[in-house]
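Report on the structure given below.
The values are calculated or read from the model by the stated rules, or taken from the named source; none is laboratory data. Just so it is clear, the model here is predicted, and its values are computed rather than measured. When we count neighbours, we look across all protein chains shown, and the Cβ atoms used for this are built from the backbone with ideal geometry, even at glycine. We work out accessible area using only protein heavy atoms, side chains counted, and drop any ligands, DNA or RNA first. Shrake-Rupley method; radii C 1.70, N 1.55, O 1.52, S 1.80 Å.
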Amino acid sequence: MNENRELAVVTGASSGIGFELARQLADRGYDLIVNSADEERLHAAAAEIRDRTGAVVQPVQADLRHYEDAERLVAAVAASGRPVARRGAQRRCRRRRCVPRHRPGGRVRDRRPERALHGASGQAAAAADGRGRRGRMLITSSIASTMPGSFQAVYNASKSFLQSFSQALQNELKDSPVTVTALMPGPTDTDFFRRADMGDTKVGQGEKDDPAQVAEQGLDALFAGKDKVVAGSLKTKAQGLANKVLPDSLKAEGHRRMAEPGSGDQ
């Protein structure tokens, strides 16, 4: 990799918002380490970004639901020779008790990507802060974090976790050269609704935001040092503003109308 270019690490980079974040970071002059659980699509995405931008792009296949895979991604970043003090970062992170290890034999459902986020973000922040280097972290939350998710209860709750986690990191790192930004997209044209089997819902069948637009707004907020950004169309931004004042009961009922199975056929 070209030592004169900065390094960006993008997870979920094989498609959707993650792919657009990676592509646009390459356009902005970054070398990349990109990650996804889907090896075939990841290598195809890396090749496309390489061909379109001329950036150096290293794909690392890893399923971040699993601790060992998350460690493999961190090790790949360290092996790049870029500023990552893995050992010191890990020690600091463990003192903060932010690297949970799953128990052998635990159900896959219990090994959520948030566990990987604990370790990876803690290590990245500690590495940059510990060496006095600036760093920027973009955590993909969602506008779903601002409302109870009827028929998506676990998903919305997990996004609320990400939102709270990012805001806590912002406060911890406020006197350091490391910034943390929460990206909060609305319904976006990605594989999400197909994978979630939501094709028969109103939100699944409705108009969706462009992932390229979401990524651009997210990166603009990241480089401006903002704490969070509701990204996407004017409709999504308006929903973000409304969710600040609407009671949870109304938001839950509204979410029900959008996400209830069969709502798209009514």
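Observations on the structure shown:
- Considering (1) closer than 30 Å to Lys208 by Cα; (2) touching an Asp or Glu at 6+ places or on another chain (Cβ under 7 Å); (3) of a type in the set (D, E, K, R), the lone condition that Arg50 does not fulfil carries the number (2).
- Matching residues, segment 200-212, being surrounded by fewer than 19 Cβ atoms within 10 Å (Cβ to Cβ) and within 30 Å of Gly262 (Cβ to Cβ): Asp200, Lys202, Gln205, Gly206, Glu207, Asp210
- Candidates Ala126, Ala144: the one that is of a type in the set (Gly, Ala, Ser) and modelled with pLDDT of 90 or more is Ala144.
- Taken over segment 213-240, the residue count meeting the criterion of being buried (at least 16 other Cβ atoms within 10 Å of the Cβ) and touching a Gly at 6+ places or on another chain (Cβ under 9 Å) is 13.
- Of the residues making up segment 248-266, none is under 23 Å from Ser15 (Cβ atoms) and of a type in the set (S, T, N, Q).
- Of the residues making up segment 181-205, those that are more than 17 Å from the chain's Cα centre (by Cα) and either under 21 Å from Asp220 (Cα atoms) or in a loop (DSSP other than H, G, I, E, B) (or both) are Ala196, Asp197, Met198, Gly199, Asp200, Thr201.
- Condition check for Leu246 on (1) open to solvent by 20 Å² or more (accessible area, probe 1.4 Å); (2) touching a Pro at 6+ places or on another chain (Cβ under 6 Å); (3) of a type in the set (A, V, I, L, M, F, W, C): one failure, at (2).
- Qualifying position, being modelled with pLDDT under 90, within 20 Å of Gly218 (Cα to Cα) and either crowded, with 18+ Cβ neighbours inside 10 Å or out of contact with any strand residue (DSSP E or B) (no Cβ under 9 Å at 6 or more places or on another chain) (or both), among Val108, Val178: Val178
- Residue within segment 26-40 that is more than 21 Å from Arg194 (Cβ to Cβ), at pLDDT below 95 and of a type in the set (Gly, Ala, Ser) present: yes
- Only residues that are within 20 Å of Phe192 (Cβ to Cβ) and either open to solvent by 90 Å² or more (accessible area, probe 1.4 Å) or among the hydrophobic types (A, V, I, L, M, F, W, C) (or both) were counted across segment 249-264, and they come to 4.
- Restricting attention to segment 130-164, the residues that are open to solvent by less than 40 Å² (accessible area, probe 1.4 Å), of a type in the set (A, V, I, L, M, F, W, C) and part of a helix (DSSP H, G or I) add up to 3.
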